[in-house]
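What follows is one structure encoded as structure tokens, with my remarks underneath.
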Amino acid sequence: MITKKIIPLIISLAIISISDIQAQKDSVLQKVPHQISVEFGYRYSFYPNTGLTTDATLTGLPNHASNGVGILADYGWQLTGLDGKKPAIYLTVPLGYTMLFPDDPQSKRIGMLNYGWTVRHELATKDKKLIPFIGYGLFLSNLSEDGVVGSVTGHQTQFEGGVNFKMTGSIFYFAKLQASYSSYPKLGYSKSLHFMYADLRIGIRF
């Protein structure tokens, strides 16, 4: 009696196992597409820096540096639009560096190292030649000033809009305009440094 009950159970388990193996073979694992971007451009600061410290022996006159250049690279993962029927959304991890040059001989150069994350919404599907996009991001920004020992770390909030220009294959050129706001603690002073930037960037995605 026991044998008669066990044999059908074994057969049933074998059928289920074979079916499961076949289903795994038939299933297609889809790798999430990624995208690398490299960009370069011009930055203008609306709020010129007044020095990282209040010590006159270190800073001298207020430091004014409002024009500069920056470079940034990011690695992004596509979150939506995997079937190509809807516009894509990318989550990216950027790393960039920007230099602001002194406006006068008494001022100092400023350096900013930025890293964080961004979200980019494309407004057209990938079969289009022109793909407008908007994006936003949150960064940590490490700021240093020539002639001042050490650096300070603050936060940066960024918004951007631009256009991807499709070339051959999966290569895109792009141009964008971005605006951002940053705040940094000021060494030896209770108030923070505040900056508002406008950037014009061009780059390539692949």
What does the range 34-205 give for Rg and for Dmax, in Å, if only its C-alpha atoms count? 18.0, 62
Which one of G76, I89, S66 has its Cα pushed farthest toward the positive end of the charge dipole of the range 34-205, where Lys and Arg give +1 and Asp and Glu give -1 at the Cβ? I89
Which length gain, in nm to one decimal place, applies between T153 and I171 when the Cα-Cα distance is subtracted from 0.36 nm times their residue separation? 3.0 nm
May I ask for the net charge around H121, where only other residues with Cβ less than 14 Å from the Cβ of H121 are counted and Lys, Arg are +1 while Asp, Glu are -1? +2
What's the magnitude of the charge dipole for the range 34-205 around its Cα centre, counting Lys and Arg as +1 and Asp and Glu as -1 at the beta-carbon? Answer in Debye, nearest 20. 580
Run the paramagnetic zone check for L200: 7 angstrom along Cα to Cβ, then residues of the range 143-182 with backbone nitrogen under 20 Å. 159-165, 173-181
Lys pairs, the range 34-205 - Cα-Cα below 13 angstrom, 8 or more residues apart or on other chains: 7
Which ³J(HN,Hα) values in Hz, rounded to whole numbers, follow from the phi angles of the range 197-202 under the Karplus curve 6.51 cos²θ - 1.76 cosθ + 1.60, where θ = phi - 60° and Gly and Pro get x? 10, 10, 10, 10, 10, 10
On each of the three principal axes of the Cα atoms of the range 101-184, give max minus min coordinate, whole Å, ordered largest first. 51, 25, 19
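Note down the relative contact order for the range 76-155 as a percent, whole number, built from C-alpha pairs under 8 angstrom at least six residues apart.
Working: 173 pairs, mean separation 20.2, N = 80.
So the answer I get is 25 percent.
Net charge near G84: determine it from the other residues with C-beta under 12 Å of the C-beta of G84, scoring Lys and Arg +1 and Asp and Glu -1.
+1
Under 12 Å from the Cβ of M99, count the other residues' Cβ atoms, weight Lys and Arg +1, Asp and Glu -1, and hand me the total. Each step should come with its number before you reach the end.
Values: positive: R43, K108, R109; negative: E145, D146.
Summing Lys/Arg as +1 and Asp/Glu as -1 gives +1.
Quick note: the coordinates plus some simple rules give every number you see, no bench work behind them. In this text, all values refer to a predicted model and were calculated from it rather than measured experimentally. As a convention, Cβ positions derive from the backbone with ideal geometry for all residues, glycine included, and neighbour counts pool all protein chains shown.
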